[in-house]
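Shown next, in structure tokens, is the structure this report addresses.
The values are calculated or read from the model by the stated rules, or taken from the named source; none is laboratory data. The structure presented is a predicted model; accordingly, all values stated were derived computationally and were not measured. Here Cβ is always computed from backbone atoms with ideal geometry, including for glycine, and neighbour counts include all displayed protein chains. To get the accessible areas, we keep the full protein, side chains included, count just its heavy atoms, and leave off ligands, DNA and RNA. Shrake-Rupley method; radii C 1.70, N 1.55, O 1.52, S 1.80 Å.
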Amino acid sequence: RHIAVIMDGNGRWAASRNLPRIEGHRAGTKAVQEIVETCGRLGIKFLTLYAFSKENWKRPAREVSRLWNLLEDYLRKKDQELVKNKIRLLAIGQRNGIPASVRKELEKVEGMTRDLDGLTVVLALNYSGRAEIVDAVKRIFRERNIDLDRLDEQTFARYLYTASIPDPDLLIRTSGELRVSNFLLWQMAYSEIWITPVFWPDFRRLHVLQALVDYQKRERRFGAVHGQPAADV
Ligand code: IPE
Ligand code: IPE
Ligand code: MG
């Protein structure tokens, strides 16, 4: 139902070609196009793309501003195509930290695609998994009439940015890094993880299919015992 992707390795892809890092980000948009198309065709319901973490603000200002520009351009150019393909766009992350012009474009496209029922593409922008959990706690405390004794995991999850999104079944990370980098910490509790050395700009349909074939061989036990139905707890 849901694939989440840490799109990593744009900078190294560019460096290996003696290009500036931003050219790696630019080339990465081709991979975005391809994974969106592939997931749409396969009938996958949710695709979450980690596009900008809260920690990415630590990068040189020039790279940061060009990254946001790239995203804004992408949204501006692709809006009709999204509608045509029945793709709904959503963003998760701290919205008030997103540059105003990008946020405006983003909210326009979210509005245009709100009722579409094909693939939902979730962009993680100015996103941090820890910040998301803290934000949820703040919202819970602000709600005066909540009964803390009855707060359970299901209720808590309704205060996350991902309230309307199922947990990822599969996490893909490109460029070979073996870490989660503050992505969907709560939601990833039982996600299957697939890591490829391929840099994000080189990621193609074939790699999506490889990840899915591998996923199909996994046995998701959720803490229960192999081959036995889960007992009620
Ligand atoms: C991922 O590629 C894109 C973003 C984090 C925005 P990187 O820019 O992290 O590329 P590497 O990891 O430096 O190669
Ligand atoms: C994770 O990649 C963030 C995105 C893909 C947007 P990073 O390149 O920022 O992660 P680290 O710094 O290698 O952990
Ligand atoms: Mg990186």
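Things worth noting here:
- Given (1) within 16 Å of ligand 3 (Cβ to nearest atom); (2) in contact with a Leu (Cβ under 8 Å, 6 or more places away or on another chain); (3) open to solvent by less than 30 Å² (accessible area, probe 1.4 Å), number of the condition residue 39 does not satisfy: (1)
- Yes/no for residue 92 being surrounded by fewer than 19 Cβ atoms within 10 Å (Cβ to Cβ), β-branched (Val, Ile, Thr) and either within 19 Å of the chain's Cα centre (by Cα) or within 16 Å of ligand 2 (Cβ to nearest atom) (or both): no
- Selection within region 137-191 - away from ligand 3 (no atom under 16 Å from the Cβ), assigned to a loop (DSSP other than H, G, I, E, B) and open to solvent by 70 Å² or more (accessible area, probe 1.4 Å): 143, 144, 145, 147, 152, 158, 164, 167, 186, 189, 190
- Number of residues in region 89-104 that are over 16 Å from residue 32 (Cβ atoms) and either free of Cβ contacts under 8 Å to residues at least 40 places away in the same chain or among the basic types (Lys, Arg) (or both) equals 8.
- Residue count, region 111-132 (criterion: surrounded by fewer than 16 Cβ atoms within 10 Å (Cβ to Cβ), within 18 Å of the chain's Cα centre (by Cα) and in a helix (DSSP H, G or I)): 1
- Checking every residue in region 76-85 against the condition of being open to solvent by 60 Å² or more (accessible area, probe 1.4 Å), in contact (Cβ under 8 Å) with a residue 24 or more places away in the chain and not hydroxyl-bearing (Ser, Thr, Tyr) gives at least one match.
- Answer residue from region 16-35, given it is open to solvent by less than 50 Å² (accessible area, probe 1.4 Å) and away from ligand 2 (no atom under 16 Å from the Cβ) and is farthest from residue 211 (Cα to Cα) among those: 33
- Scanning region 173-207 for residues that are among the hydrophobic types (A, V, I, L, M, F, W, C) and more than 11 Å from ligand 2 (Cβ to nearest atom) gives 184, 185, 186, 188, 189, 193, 194, 195, 198, 199, 203, 206.
- Considering residues of region 1-15 that are near ligand 1 (Cβ under 8 Å from one of its atoms) and charged (D, E, K, R) only, the residue most open to solvent (accessible area, probe 1.4 Å): 12
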